[in-house]
Structures are given as structure tokens and as C-alpha cells.
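A quick write-up on the structure given underneath.
The values are calculated or read from the model by the stated rules, or taken from the named source; none is laboratory data. Quick caveat: nothing in here was measured; it's all calculated off a predicted structure. Virtual Cβ from ideal backbone geometry, glycine too; neighbours counted across all protein chains shown. These accessible areas exclude ligands, DNA and RNA; they are computed on the full protein's heavy atoms, side chains included. Shrake-Rupley method; radii C 1.70, N 1.55, O 1.52, S 1.80 Å.
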Amino acid sequence: QVQLVESGGGSVQAGGSLSLSCAASGSIFRINSMGWYRQAPGTQRELVAAITSGDSTNYADSVKGRFTISRDNAKNTVYLQMNSLKPEDTAVYYCNVVVITSRLYRVGTYWGQGTQVTVSS
């Protein structure tokens, strides 16, 4: 079993910054990709940013130049630095990891519990 613990988020005015972190623990042999998704009320969950084990990154067009994803492999942790926040960034943000488990060496996808980010105008 793999557990994800998210921290960060909160409320900020437009133009401000917030940071998120997500630590993975449990039966992990190797973490492949790590990422962040978000879901606003009445919308589908969408990819915000992702980072591979080789540190290749992918961003949604709406956050390019404002958000930065990074990871610390020694801590099994992924971070999301969010700058120049806009009201449309308001959503619940979910951590996502794809791992190879240490039991049976299977690939599994796991989600964090979600953390609220609210940006006021």
C-alpha cells in the first residue's frame, strides 16, 4: 500500500503565491511520474503539472510560466510552486503518483486526499 500526504494550499489574493507538497510512503520500489491535478466545482479533474523520474516536466498551458513542479527523490516528495495566482486557479488540488510497488513489482496509481486552493480577486 502507498500513502500520499499533501500539505500546503490555502487562500491568497490574486497575484500571490502558494506552494504545495506531497510525500509518498509505503510499499514503494520506485516512483515513476509524480504530478498535480485540480478540480474546480462543476468541472472535470485536469492535469496541472507532471514530472517524470528523469525530471522531464509537462504543464497545462494555463499555468505555464507561473507554476513550477519539482521533486525530491530522496524524500519521495513532489512540490508545486504557484506564483502569480489567478482566481481561475481556485480548485481542489490533488497529488498523483505512479509507482512500482515493492510487493509484486506492480505499477499502481495513487491519489492524495486533495487540498483547497482559493484565489480571491
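Condition first: open to solvent by less than 50 Å² (accessible area, probe 1.4 Å) and assigned to a strand (DSSP E or B). Now tell me which residues in the stretch 40-50 satisfy that. Hits for the stretch 40-50 are Val48, Ala49, Ala50. Just give me the residues in the stretch 5-15 being surrounded by 15 or more Cβ atoms within 10 Å (Cβ to Cβ) and not in a strand (DSSP E or B), in sequence order. Matches in the stretch 5-15: Gly9 only.
Checked against (1) exposed (fewer than 13 other Cβ atoms within 10 Å of the Cβ); (2) within 25 Å of Ser121 (Cβ to Cβ), Lys75 meets all criteria but (2).
Quick one: how many residues across the stretch 51-88 are free of Cβ contacts under 8 Å to residues at least 40 places away in the same chain and assigned to a loop (DSSP other than H, G, I, E, B)? The number of residues fulfilling the criteria is 13. If you scan the stretch 19-39, which residues turn out to be within 18 Å of Ala60 (Cα to Cα) and open to solvent by less than 30 Å² (accessible area, probe 1.4 Å)? Across the stretch 19-39, the qualifying residues are Leu20, Met34, Gly35, Trp36, Arg38. Going through (1) open to solvent by less than 30 Å² (accessible area, probe 1.4 Å); (2) among the hydrophobic types (A, V, I, L, M, F, W, C); (3) outside any loop (DSSP other than H, G, I, E, B); (4) within 17 Å of Ala40 (Cβ to Cβ) one by one, Val92 falls short only on (1). Considered as a group, the residues in the stretch 98-118 that are open to solvent by 100 Å² or more (accessible area, probe 1.4 Å) and of a type in the set (A, V, I, L, M, F, W, C) include one that is farthest from Pro87 (Cα to Cα), and that residue is Leu104.
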